[in-house]
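Here is the structure we will look at.
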Amino acid sequence: MLGGHATGGDRVSDGASSQRHDLLDTIGLIQDAALDPSAWVGAVERMMLLFDGIAGVLVINSADADNGRTVVQTGVDPNYQQRYFDEFARLDPVFDPRSPLMVGRPVCLSPFTPGGLFTNSTFYNEWFVPQGFHDGLGAVVYSRGTRRLWLSVARHGSGHAADQVGRFALLLPHVMRSLRVAERLDMVSNQQRALGDALAVVSHAVMLVDRRGRLVFANPAAEVLLGPDQPMSVEQGLLTARDPVTAAALEAALAAAMIDADDGQGGVRDIVVPRDRRRPLLLSVVPVGRRAADHADLDVPVAAMILVADPDVRPWARLDGFARAYGLTAAEGKILDALLDGEGVDRVAERLGIGRATVKTHLNRILAKTGTARQNELIRLVAGSLSPLRK
């Protein structure tokens, strides 16, 4: 600067600085999209500004064009937006199985580029041009099997898109990294949902605690034990017991679970949880191990799994598989179900509204089919055969 006037060199420097700033802002939006898919709209719109575009798309499709979908589509005529998958997807050269496009390789979308992607194509002349698009920039940013994810910015033709290919190429590694991160997070999220769905049908209470002692998961059976007037509770996010002695034992067991399993100190600890006028709960704290938790890539690393057995809740609610395995009839299945509640022959007969002799006959058939001699032996067989699942 001299006498308050910018020199030509200063103006070039300011222009380059502004371009770098715009590029960094765009990269920031792309990175945000890894955690928030809705941020792709802002990222694509910022690319449109960066490359003088009038439309931008992020679309996934495959060679058969039967399962494509739009992630972002801005600046596209609504009529043509609807017609894309109805009429033009199969004509789009990007998704032609013979297309030479490589993942992460930027291309100039122009009929004037030698060997250009859209040169003389029906798609260019009947979908691209009628919307006022002249040229643009694009790249395949993801590919798996026949499916491709295509990112492009369409322009009305001022200047030459080929001059912008270099800057467009700078964004592509960030786009692809963001998509990989999002895919990985989605996989982890799906795994967590699948784990939650699986544990929801377990009859035992199952809880997961993180490295700060906070409860991060409880299946439905566990939620019952954490309700009002129950022996366990959550206070300020921390799992505890209402009985002070039990609370201290639980705190010590959870602290031990934070220790890595390979130091020889982190074994399973069992805790008795007393209840008023009811049988006590039997609680087991199972350490997960720091390295195992880290490798699971969970947002909240798990330090311990807590299993709680309630002796007042029958752990075998589903007998269908057992009955099929041993060829039991429907009537025999009902008798077995009643016997598993610890009831004797007389009580079972009264409960089912049948004669005592009928119950004895069915029981003898069940014993014969299962190869057991006594009722307690039969119950042990059931206990060793069935998973603790809810109905």
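The values are calculated or read from the model by the stated rules, or taken from the named source; none is laboratory data. Worth saying up front: this structure is predicted, and the values here are computed from it rather than measured. Quick reminder, even Gly has a Cβ in these numbers, built from the backbone with ideal geometry, and neighbours come from all protein chains shown.
Would you confirm whether any residue within the range 327-339 is crowded, with 18+ Cβ neighbours inside 10 Å, part of a loop (DSSP other than H, G, I, E, B) and modelled with pLDDT of 90 or more? Yes: the range 327-339 contains one or more residues that are crowded, with 18+ Cβ neighbours inside 10 Å, part of a loop (DSSP other than H, G, I, E, B) and modelled with pLDDT of 90 or more. When each of 148, 155, 184, 212 is tested for being surrounded by fewer than 16 Cβ atoms within 10 Å (Cβ to Cβ), farther than 30 Å from residue 256 by Cβ and not hydrophobic (A, V, I, L, M, F, W, C), the lone residue that passes is 184.
Matching residues to (1) under 30 Å from the mean Cα position of the chain (by Cα); (2) outside any strand (DSSP E or B); (3) among the β-branched types (Val, Ile, Thr); (4) at pLDDT below 90:
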site	(1), (2), (3), (4)
33	yes, yes, no, no
55	no, no, no, no
59	yes, no, yes, no
72	yes, no, yes, no
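Restricted to the range 359-374, and to residues there that are under 12 Å from residue 326 (Cα atoms) and hydroxyl-bearing (Ser, Thr, Tyr), the residue that is surrounded by the fewest Cβ atoms within 10 Å (Cβ to Cβ) is 372.
Would a scan of the range 207-215 turn up a residue that is part of a helix (DSSP H, G or I), over 18 Å from residue 307 (Cβ atoms) and in contact (Cβ under 8 Å) with a residue 24 or more places away in the chain?
Keep residues of the range 207-215 that are part of a helix (DSSP H, G or I), which gives none.
No: the range 207-215 contains no residue that is part of a helix (DSSP H, G or I), over 18 Å from residue 307 (Cβ atoms) and in contact (Cβ under 8 Å) with a residue 24 or more places away in the chain.
Entry remark, the range 194-220: residues being over 16 Å from residue 286 (Cβ atoms) and hydrophobic (A, V, I, L, M, F, W, C) number 4 in total. Every condition in (1) surrounded by 18 or more Cβ atoms within 10 Å (Cβ to Cβ); (2) at pLDDT below 90; (3) of a type outside the set (Val, Ile, Thr) is met by residue 249 except one, and the failing one is (2). Of everything in the range 269-288 that is within 29 Å of the chain's Cα centre (by Cα) and more than 11 Å from residue 308 (Cβ to Cβ), the residue that is surrounded by the most Cβ atoms within 10 Å (Cβ to Cβ) is 287. Does any residue of the range 198-205 turn out to be without any contact (Cβ under 8 Å) to a residue 24 or more places away in the chain, surrounded by 16 or more Cβ atoms within 10 Å (Cβ to Cβ) and either touching a Lys or Arg at 6+ places or on another chain (Cβ under 6 Å) or assigned to a helix (DSSP H, G or I) (or both)? Yes - at least one qualifying residue is present in the range 198-205. Which of (1) surrounded by 15 or more Cβ atoms within 10 Å (Cβ to Cβ); (2) at pLDDT below 90; (3) in a helix (DSSP H, G or I); (4) over 33 Å from the mean Cα position of the chain (by Cα) does residue 80 not meet, given it meets every other one? The one condition residue 80 does not meet is (2).
Restrict the check to the range 165-172 and report whether at least one residue is on the phi < 0 side of the Ramachandran plot, buried (at least 16 other Cβ atoms within 10 Å of the Cβ), under 21 Å from the mean Cα position of the chain (by Cα) and not polar (S, T, N, Q). No, because not a single residue in the range 165-172 is on the phi < 0 side of the Ramachandran plot, buried (at least 16 other Cβ atoms within 10 Å of the Cβ), under 21 Å from the mean Cα position of the chain (by Cα) and not polar (S, T, N, Q).
Picking from residues in the range 308-326 that are surrounded by 14 or more Cβ atoms within 10 Å (Cβ to Cβ) and of a type outside the set (A, V, I, L, M, F, W, C), the one that is modelled with the highest pLDDT is 326. Determine, yes or no, whether residue 138 is under 26 Å from residue 251 (Cβ atoms) and in contact with a strand residue (DSSP E or B) (Cβ under 6 Å, 6 or more places away or on another chain). Criteria not met by residue 138.
Does residue 253 satisfy being part of a helix (DSSP H, G or I) and touching a residue at least 60 places away in the same chain (Cβ under 8 Å)?
It is false that residue 253 is part of a helix (DSSP H, G or I) and touching a residue at least 60 places away in the same chain (Cβ under 8 Å).
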